[in-house]
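Notes to accompany the following structure.
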Amino acid sequence: MEDKELVIQCQSGNLGAFSELYDRYIDKIYKFVYMKTSNQETAEDITSDVFYKAMNSINTFRSNEETSSFKSWIYTIANNKVIDFYRTQKTETDIEECFDLGIHHDFANDVDNKEQLSKVLKFLDTLKSDQKEVIMLRIWEDLSYKEIADITWKSLDNCKKIVSRSLKNIQANFILLLLIILLF
């Protein structure tokens, strides 16, 4: 069953349909939040808040619009919850830290070659935080440009340009690094 059909059922009073949406997105949203917070407990709390808010505001989702996407909507809620979390921190945490990825994360265990992951992460560190966010959503979360635009409040064309330019920048840096390694 499609996401929109499940949302319509939820909006009609069948909140049991929400459990299927929850099952579809819980792991993805948790991973998304964890990559931004680098803390398991924080990611669990924020993910819980995301689904609580989604369930309580499911009637605000515009299921009758052709372009509406539950996936974009839930990621937007998650993104906003992460931003709220960093705004309310009492410690002096730089908001850009939420985009830093480290090899110590659990998802790195799933990657066969940690050295290559390390190089990719170093290249990601050369990008601005908004570029990193769009790249993460496109590559790690496999979201469409439209979904990324909805989540980040950027235009569709801007998202495409950010991905294109960022990947060219990463590729250029990678080639430069290879040349340096080969020459020395």
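Every number here is computed from the coordinates shown, using simple stated rules; none is lab data. Remember, it's a predicted structure, so these values are computed and weren't measured experimentally. Every residue, glycine among them, receives a Cβ derived from its backbone with ideal geometry; neighbour counts consider all protein chains shown.
If we count other beta carbons within 10 Å of each Cβ, what is the order of Ile135, Ile151, Ile8, fewest first?
Ile8, Ile135, Ile151
With just the Cα atoms defining each centre, how far is segment 72-90 from segment 47-65? Give it in Å.
A separation of 14 Å, based on Cα centres.
Cut-off is 10 Å between beta-carbons; in what order do Met1, Met55 appear when sorted fewest neighbours first?
Met1, Met55
If you wrap segment 1-94's Cα atoms in a convex hull and average its projection over all directions, what's the area in nm²?
Averaging across all directions leaves 6.4 nm² for the Cα convex hull.
Quick one: what are the phi-derived ³J(HN,Hα) couplings along segment 53-58, Karplus 6.51/-1.76/1.60 with θ = phi - 60°, whole Hz, x for glycine and proline?
3J(HN,Hα) across segment 53-58, in whole Hz: 5, 4, 5, 6, 10, 4.
Please arrange Arg24, Arg87, Arg165 by counting, for each residue, the other beta carbons lying within 10 Å of its beta carbon, fewest first.
Arg87, Arg165, Arg24
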